[in-house]
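**Student:** This is the structure I want to talk about, given as structure tokens.
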Amino acid sequence: MRAFVAKFAGRFGFRTDQGRIDAKTWRQGTLFLIVPLAALTIIWFFLAPYTHHDLATTPFLAWGTLAAFVYLVCYAFAVLLAAICYYNLSAKRWRDRGWRFPGALAGLLPLSALASGAAHWLQPRVADVMPYWHVAVLDTLLAAIIIWNMVELGFLPARTP
């Protein structure tokens, strides 16, 4: 694992979408991105209730609320960075699989994940104009893309061009 981290910390791993990687490298790189992001997401679930700030019952400067929003900014940066890294990792693998537009295909999962997350955030705030089925459709689409990516990029062999 140490050699893998050293390889991906360098120029080739997550910094560029050029080149090709095999399925094992893609699985390792994806796991390398998912584990810290999952830990950060669990922390966010615990801090999210502190972002609901009612000035009628709490002071203007509530330290818990301030800490939650500072964490949210850092968390959002980490999510966007992970999406970019995943794009670069997957573009290499799509190219190795021989697909015609590897960049477009690599962007499908991060784009659908960000759209689904945005819908989950927005729907409770505008529930009168955005029914929950919009969120369910985006979640279903995201699940289908995740399964497709896992099978296509994680287990199928390279195609010869």
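The values are calculated or read from the model by the stated rules, or taken from the named source; none is laboratory data. The model shown is predicted, which means the values in this text are computed figures rather than measured ones. Note that we place each Cβ from the backbone using ideal geometry, even for glycine, and neighbour counts take in every protein chain shown. We work out accessible area using only protein heavy atoms, side chains counted, and drop any ligands, DNA or RNA first. Shrake-Rupley method; radii C 1.70, N 1.55, O 1.52, S 1.80 Å.
**Student:** Looking at the stretch 73-97, I want the residues that are in contact (Cβ under 8 Å) with a residue 24 or more places away in the chain and have a partner that is open to solvent by 70 Å² or more (accessible area, probe 1.4 Å) and among the β-branched types (V, I, T) with Cβ atoms under 8 Å, at least 6 apart or on another chain. Which pairs are those?
**Tutor:** Y75/I43
**Student:** Still on this structure: Within the stretch 77-99, identify whether any single residue is open to solvent by 30 Å² or more (accessible area, probe 1.4 Å) and in contact with a Phe, Trp or Tyr (Cβ under 6 Å, 6 or more places away or on another chain), and answer yes or no.
**Tutor:** no
**Student:** Something else: The conditions are (1) open to solvent by 100 Å² or more (accessible area, probe 1.4 Å); (2) within 26 Å of W99 (Cα to Cα); (3) without any contact (Cβ under 8 Å) to a residue 12 or more places away in the chain, and T140 fails exactly one of them. Which is it?
**Tutor:** The one condition T140 does not meet is (1).
**Student:** Out of A82, A67, I need the residue that is within 22 Å of the chain's Cα centre (by Cα) and part of a helix (DSSP H, G or I). Which one?
**Tutor:** After applying the criteria, what remains is A82.
**Student:** May I pose another question? Aromatic (F, W, Y), touching a residue at least 12 places away in the same chain (Cβ under 8 Å) and open to solvent by less than 60 Å² (accessible area, probe 1.4 Å) - does that describe any residue in the stretch 148-160?
**Tutor:** no
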